[in-house]
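In what follows, a single structure is set out as structure tokens and then discussed.
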Amino acid sequence: MALAPRWKSALAKAIEKDGKAAVFQLASIDSATNTPRVRSHIHREFISAQATPSLPILVTTTDIRTPKAAQILSNPTIETVFWVEANQEQYRIIGNASVIPTPLHPYHAQFDPFRGPALTALEREGIDWEAKRTQIFDSMSGHMKASWCRPPPGIKLEGGYEEAKKWPQKLPTFSDVESEEDKNILELALSNFALVVIDPFEVDFVELGIVPNQRTKFTRQEGNWVEEIVVP
């Protein structure tokens, strides 16, 4: 059985060692203006089918109301960049992204669980994406969960920063809900919460902590990764 690719093992180890390494940049294309849009994201976890550990999926999250959701649906090819300060490593990962909101959202119909070998393998093993979405949401801090019950990101804030003080600042887990009001707010937040899953097909891995520096390009070909050593 093929093993996880070297770039994935190195990145997973770096994130486990230093949580700051989980912050990465994600770039998408705004089709309306044909311009790139980049923002910081937090890597939540890797997922791979037991039968295909060589095909890892990167999981991050977003508010389904943000422009990036529509951008990814319009053009699913994205690029991410991880910079690991402790190891002086850079990972540029190009892949196809999918947005997975609540099944009640119109965007959910556009999620193709069989797009690409990695997603197909997970689907064949019976992954429950709605259960995964709920599990990741519920595992987050109360302050993070509260961010999904605010008004849509990017709209004009009527009333200024004073208005923001009225928003819920912290939400409980589902098992700790004590009132109907808390339950309704929690369900509202969950309805705006979406997974973004990234299926990589090209990785540019630069190791600047090694002298001389090393750079390797990984290209996915028919379920396997081909390595090419290039000039840093």
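Laboratory data are not the source of any read-out in this text; all were calculated from the coordinates shown. Please read all numbers here as calculations on a predicted model, not as lab measurements. Counting neighbours? That spans all protein chains shown, and the Cβs are built from the backbone with ideal geometry, glycine included.
Listed values, structure above:
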{"item": "Among 92-99, 10-17, the order from most to least packed when residues are scored by Cβ within 10 Å on average", "result": "92-99, 10-17"}
{"item": "Given K8/K183; K145/K165; K132/K165; K13/K165; K20/K217, the pairs whose alpha carbons are separated by over 27 Å", "result": "K8/K183; K132/K165; K13/K165"}
{"item": "Charge-dipole axis of segment 9-64 as Lys and Arg at +1 and Asp and Glu at -1 on Cβ define it, positive-most pick from T33, L58, A21", "result": "A21"}
{"item": "Packing-based exposure ordering (other Cβ within 10 Å, fewest first) of V226, V177", "result": "V226, V177"}
{"item": "For segment 117-232: rounded, prolate or oblate by the Cα gyration tensor [a/c cutoff 1.5]", "result": "prolate"}
{"item": "The chain, helix-only ellipticity at 222 nm - DSSP H runs n ≥ 4, -39,500 (n - 2.57), divided by all residues, nearest 500", "result": "-7500 deg cm²/dmol"}
{"item": "Rounded if a/c under 1.5, otherwise prolate or oblate - segment 72-182, Cα gyration tensor axes", "result": "prolate"}
{"item": "Estimated dipole of the chain in Debye, rounded to 20 [Cβ of Lys and Arg +1, of Asp and Glu -1, Cα centre]", "result": "420"}
{"item": "Segment 22-93 pair-distance distribution - Cα-Cα, 10 Å bins, rounded %", "result": "17, 45, 30, 8, 0"}
{"item": "Dipole-positive endmost among A10, L208, A118 within the chain (Cβ charges, Cα centre)", "result": "L208"}
{"item": "Length-normalised contact order of the chain in % [C-alpha pairs under 8 Å, at least 6 apart]", "result": "23"}
{"item": "21 Å tail of the calculated P(r), the chain, as % of Cα pairs", "result": "61"}
{"item": "Estimated dipole of segment 45-148 in Debye, rounded to 20 [Cβ of Lys and Arg +1, of Asp and Glu -1, Cα centre]", "result": "220"}
{"item": "GNM top mover of F24, F174, F201 - the chain, alpha-carbon springs below 10 Å", "result": "F174"}
